[in-house]
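Report on the structure given below.
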Amino acid sequence: MIHCISECFIKPHTIPEQSKHPYYLGPWDLAMLSKHYIQKGLLYAKSPATIDDGGRFMDDLLKKLKRSLSVVLVHFFPLAGRLATISYEDEGSSLVYVDCKNSPGVKFIHARVDMSSSDILSPSDVPLIVESFFDHDRAVNHDGHSRPLLSVQVTELVDAVFIGCSANHTIVDGTSYWHFFNMWSEIFEAEDDNISISRPPILQRWFPEGHGPILKLPFTDPDQFISRFEAPQLSKKYFHFPSESVVALKAKANTEYETNKISSFQSLSALMWRCITRVRGLPPDQTISCMITINNRSRLEPPLSENYFGNSIETIRGVTTVKELLENNLGWAAWKLHEAVVNHTDNVVRDGVKKWMECPLIYQIAEIFDPLSVMIGSSPRFNKYGNVFGMGKALCLRSGYAHKFDGTVMCYPGYEGGRSIELELCLPPAVMSALEADQEFMDAVTVSFNPLH
């Protein structure tokens, strides 16, 4: 049982001039209004000397976290705002933007739970209580009109600390989320009054030529474009792929397809697509797909900077039938995904935005959820273990309730670095058990990787 110790709101240390004006959202941002907040966090071990120190360590940590958060918000001030809407009833439209003036700021929660780090790391399935380590449970981004756009929860365990952030997905995608997290940690570690950071965010939103910054949606009532999603019962587990396994998968895929162009990520995604499809026992003629979230920044010409703050993602997919996928080899499946990636060019990205501008749509989770497909999200390239907050390298990464459905596969960097990758899988319990008995899958994976051992 989680016990909330305190709550407060954190505002930027100094108020940037830009924050006094409406902050407009781009097409990729507005499309996210009915999706969940991004919920990711890191578990840190307390040093033995601080476990029974009468709370001095936690008091000091909380003070430093709040101060560094207020400083980093000077750079990332949209996170301290709230969503606001202007309705134009006469034309049947509305304008959703970020109001940074009339907001209490970022919510900061200190909570406590009578558990140890081994209670989180040791069970085969991720304990349900981990979802309580995050605020905004089941919230959709449109709720940012009345809820903070960023909520930080620091949960104290007996021998560890979990720092979890729930960030509104209309403000950030995964790249921007970890950019913010990295800069927060950088300021925390600096421990001085210098508020400069190594990677200032580019806050100006990208709009197609001739459009923006004001984009109106063809709706006047949120019920026209907001829906709620309840996930089915799922088993949620983490699987570890050591560097040598990732290297071997890439070599296998390239050898089988007689190429050298297939990446490690494409090879691993193809493995998951094949193995999950196999254990689902679907009809041979069933059409299936593997969907991958892709970063548009490098696809545009000229490219957007990796420091671009906002959403710049889309979903690409490889499509085939169950029979084709399982009768062919890993290299064939990986090449399908490789083609989907390389064909996602500047023209394709711009054409997609053009179509959205002509007929704006809001993504609905229930429509994205496809129990016959596999959805690959996040990225092993994000710097997740570089955030130390004075406690050393995190023991693990965990996520909240958001965007969990049958076939979700989240990719993270492996704990030990190198080319190692960790996957977070969500599958119905019976399908998960079948996957753990699948020879192709088990040959590549280390089932349990526990940094405490």
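The values are calculated or read from the model by the stated rules, or taken from the named source; none is laboratory data. Bear in mind that the values here come from a model prediction, so they are computed numbers and not experimental data. As a convention, Cβ positions derive from the backbone with ideal geometry for all residues, glycine included, and neighbour counts pool all protein chains shown. Calculation scope for accessible area: heavy atoms of the full protein, side chains included, ligands and nucleic acids excluded. Shrake-Rupley method; radii C 1.70, N 1.55, O 1.52, S 1.80 Å.
When restricted to residues that are under 15 Å from W28 (Cα atoms), open to solvent by 20 Å² or more (accessible area, probe 1.4 Å) and among the aliphatic types (A, V, I, L, M), the range 327-371 contains 3. Taken together, the residues in the range 200-214 that are of a type outside the set (F, W, Y), touching a Ser or Thr at 6+ places or on another chain (Cβ under 9 Å) and assigned to a loop (DSSP other than H, G, I, E, B) amount to 1. Considering only residues in the range 247-298 that are of a type in the set (K, R) and either under 18 Å from M375 (Cβ atoms) or in contact with a Gly (Cβ under 8 Å, 6 or more places away or on another chain) (or both), the one that is surrounded by the most Cβ atoms within 10 Å (Cβ to Cβ) turns out to be R274.
Entry remark, the range 330-377: residues being in contact with a strand residue (DSSP E or B) (Cβ under 7 Å, 6 or more places away or on another chain) and part of a loop (DSSP other than H, G, I, E, B) number 4 in total.
Residue count for the range 232-255 under the criterion of being touching a strand residue (DSSP E or B) at 6+ places or on another chain (Cβ under 8 Å) and of a type in the set (G, A, S): the result is 2.
Restricting the first member to the range 83-106 and to residues that are over 18 Å from P213 (Cα atoms), and the second to residues that are part of a strand (DSSP E or B) and among the aromatic types (F, W, Y), the beta-carbon pairs closer than 6 Å and six or more apart or on different chains are P104/F9; G105/F9. Does R228 satisfy the condition of being in a loop (DSSP other than H, G, I, E, B) and buried (at least 19 other Cβ atoms within 10 Å of the Cβ)? Taking the combined requirement at face value, the residue does not satisfy it.
Checked against (1) in contact (Cβ under 8 Å) with a residue 12 or more places away in the chain; (2) under 25 Å from G281 (Cα atoms), E436 meets all criteria but (1). Under the condition of being open to solvent by 90 Å² or more (accessible area, probe 1.4 Å) and either over 30 Å from I129 (Cβ atoms) or over 25 Å from the mean Cα position of the chain (by Cα) (or both), the residues counted in the range 1-43 number 9. Scanning the range 317-373 for residues that are charged (D, E, K, R) and touching a residue at least 24 places away in the same chain (Cβ under 8 Å) yields R317, K323, K336, D346, R350, K354, D370. Would you mind stating whether I262 is in contact (Cβ under 8 Å) with a residue 40 or more places away in the chain, part of a loop (DSSP other than H, G, I, E, B), within 25 Å of the chain's Cα centre (by Cα) and under 26 Å from D406 (Cβ atoms)? For I262, the condition - in contact (Cβ under 8 Å) with a residue 40 or more places away in the chain, part of a loop (DSSP other than H, G, I, E, B), within 25 Å of the chain's Cα centre (by Cα) and under 26 Å from D406 (Cβ atoms) - is not met. Every residue in the range 124-141 that is surrounded by fewer than 18 Cβ atoms within 10 Å (Cβ to Cβ) and in a loop (DSSP other than H, G, I, E, B), please. Those that are surrounded by fewer than 18 Cβ atoms within 10 Å (Cβ to Cβ) and in a loop (DSSP other than H, G, I, E, B): S124, D125, P127, D137, R138. Return yes when R147 is in a loop (DSSP other than H, G, I, E, B) and in contact with a His (Cβ under 7 Å, 6 or more places away or on another chain) and no when it is not. So R147 passes the test. Scanning the range 100-123 for residues that are open to solvent by 30 Å² or more (accessible area, probe 1.4 Å), in a strand (DSSP E or B) and in contact with a Pro (Cβ under 8 Å, 6 or more places away or on another chain) yields one hit, K107. Residues in the range 215-225 that are in contact (Cβ under 8 Å) with a residue 60 or more places away in the chain and either in a loop (DSSP other than H, G, I, E, B) or at positive phi (or both): L215, K216, P218, F219, T220, F225.
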